[in-house]
Amino acid sequence: MPSSQTPSPSDPLAALVDGEAQRRAAHLAQEAFARVFRLSVAEPDDVRRRGVEQLRGELAEWAGQAADDEARALRLALLLAGMDQWGLAWTQAFELVAIPGLTELIGALRTGLDAQAEARFLRHFESIGAAEQNVIDFKVELRRALHLALWHSSIATESREEALRLSSRLGGMLLALAREMPIAGWRLVADAVAFIQIRCLADSLAVEGIGQEATQALFAALARELPKDVSDLVMAHATRAVIAWQHAQRGPEQVH
């Protein structure tokens, strides 16, 4: 049974790439995916290829700034793992056949590796998923952004069917995460629930119509499908986060 007091195990890969760099890798992967997606759907082939080459250079430069070969390999593995997860989530959610620019970018980043560098890259790429605590800061940052992007997509569409389908896809991702990451997964689910509630309060999002229905369907599915002990933790954690945000918005109480 998960517990809000369960300590998170230490990340054995943080000695190579620390938490700050892991979070940076997640942000770079997100930005790179957004750029190659736009290039793939909105630009002709020649423009897409030039954009992919520019991105390749930027990402390779960041990976190459690490202190040694092992750290450089792990940085590259994080970038490719992050873009791969964004690509998988988007192709499944929006029923896409392929994202050409993403395939080209991932291939280009590996093309220049010699045999030793390729072996280091593959070893670190496999290590990312080998244990939950491995590069946990990267995983948390990456999944937060993915979940919120899918939710925004679900409430932005004017099609009720599409909104509910995207909401269902996000619910499936969150439920899978809680199963696959028994230590930190429920916290990521709670983070998603809290952020959605805060965005609804702060920006008056999903307060009516299709967006509200899709959001309510997501929360209902989580409450229904999560084991009760996990669901209780998720909802309690999310509620505390929302209350803390509300207190912060009001500011310190004035003494009269």
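The values are calculated or read from the model by the stated rules, or taken from the named source; none is laboratory data. Owing to the predicted nature of the structure, the values given are computational and were not obtained by experimental measurement. Because the Cβ atoms are built from the backbone with ideal geometry, glycine has one as well, and the counts that use them run over all protein chains shown. Ligands, DNA and RNA are stripped out before the accessible areas are found, and what is left, the full protein with its side chains, is counted by its heavy atoms. Shrake-Rupley method; radii C 1.70, N 1.55, O 1.52, S 1.80 Å.
Here are the numbers:
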{"quantity": "Residue match in the stretch 199-216 (condition: over 25 Å from Glu132 (Cα atoms), basic (Lys, Arg) and modelled with pLDDT under 95)", "calculated": "yes"}
{"quantity": "Qualifying residues in the stretch 85-110 (those that are under 15 Å from Arg56 (Cα atoms) and not small (Gly, Ala, Ser)) - the one most open to solvent (accessible area, probe 1.4 Å)", "calculated": "Thr103"}
{"quantity": "Flag if Ser127 is over 29 Å from Glu58 (Cβ atoms) and modelled with pLDDT of 95 or more", "calculated": "no"}
{"quantity": "Residue under evaluation Arg75, criteria (1) open to solvent by less than 10 Å² (accessible area, probe 1.4 Å); (2) under 17 Å from the mean Cα position of the chain (by Cα); (3) not hydroxyl-bearing (Ser, Thr, Tyr), criterion not met", "calculated": "(1)"}
{"quantity": "Helices (runs of 4 or more DSSP H) wholly inside the stretch 146-256 containing at least 1 residues that are of a type in the set (S, T, N, Q) and within 17 Å of the chain's Cα centre (by Cα)", "calculated": "160-180"}
{"quantity": "Criterion: in a helix (DSSP H, G or I), under 30 Å from Leu226 (Cα atoms) and modelled with pLDDT of 95 or more - qualifying residue of Phe138, Phe121", "calculated": "Phe138"}
